[in-house]
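I have placed the structure first, in the form of structure tokens, so that the comments after it can refer back to it.
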Amino acid sequence: MAGRELREEGERLRRKEELSRKIKEQKVVVDELSNLKKNRKVYKQQPNSNIFFLVDRTETLSQCKNTLDELKKAHQEMENSEKTKIKK
């Protein structure tokens, strides 16, 4: 492999690891929100800030599940593209 191909492979591996880490994080968030009692309050931190706002638990759970689905889809697409390259 040439130097460029090694760098590209390394970058692909880093992206895949980052995606796997995000999926694990999101699974924990979904699990935590799913197991909260109905009367519990949920707060969401504003990006780049130490300010938190009260949010609806069910709506937030739904958003987190959608995010998890998107991350899983991206991970699967990455896996499929790797398999396609191996076959060539």
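The values are calculated or read from the model by the stated rules, or taken from the named source; none is laboratory data. Quantities reported herein were computed from a predicted structural model and do not represent experimental measurements. All Cβ positions, even for glycine, are placed from backbone atoms using ideal geometry, and neighbour counts span all protein chains on display. Please note that ligands, DNA and RNA were not included when accessible areas were found on the heavy atoms of the full protein model with its side chains. Shrake-Rupley method; radii C 1.70, N 1.55, O 1.52, S 1.80 Å.
Here are some notes:
- Applying the Karplus relation 6.51 cos²θ - 1.76 cosθ + 1.60 with θ = phi - 60° to the stretch 39-55 yields 3J(HN,Hα) values of 8, 6, 9, 10, 10, 10, 7, 6, x, 6, 8, 9, 9, 10, 10, 5, 10 Hz, where x marks Gly and Pro.
- Eigenvalues of the alpha-carbon gyration tensor of the chain, scaled by 5 and square-rooted, set the equivalent ellipsoid semi-axes at 36, 15, 9 angstrom, largest first.
- Computed over the alpha-carbon atoms, the stretch 1-44 gives an Rg to Rh ratio of 1.37, Rh here being the Kirkwood radius from the mean inverse distance.
- Looking at the chain, the accessible area is 85 square angstrom per residue; that uses a 1.4 Å probe and ignores ligands, DNA and RNA.
- Cα gyration tensor shape of the stretch 43-88, rounded if a/c is under 1.5, else prolate or oblate by comparing a/b with b/c: oblate
- ³J(HN,Hα), Karplus 6.51/-1.76/1.60, whole Hz, each residue of the stretch 60-75, x for Gly, Pro: 5, 4, 4, 4, 5, 5, 5, 4, 4, 4, 5, 5, 5, 5, 4, 5
- To the nearest ten degrees, helix 3-34 and the longest principal axis of the Cα atoms of the chain are 20 degrees apart.
- Heavy-atom accessible surface of the chain: percent carbon and sulfur, 1.4 Å: 51 percent
- Charge dipole of the stretch 17-88 (Cα centre as origin; +1 on each Lys and Arg Cβ, -1 on each Asp and Glu Cβ, all else neutral): 160 debye, rounded to the nearest 20.
- Based on C-alpha pairs under 8 angstrom that are at least 6 apart in sequence, the chain has a relative contact order of 30 percent.
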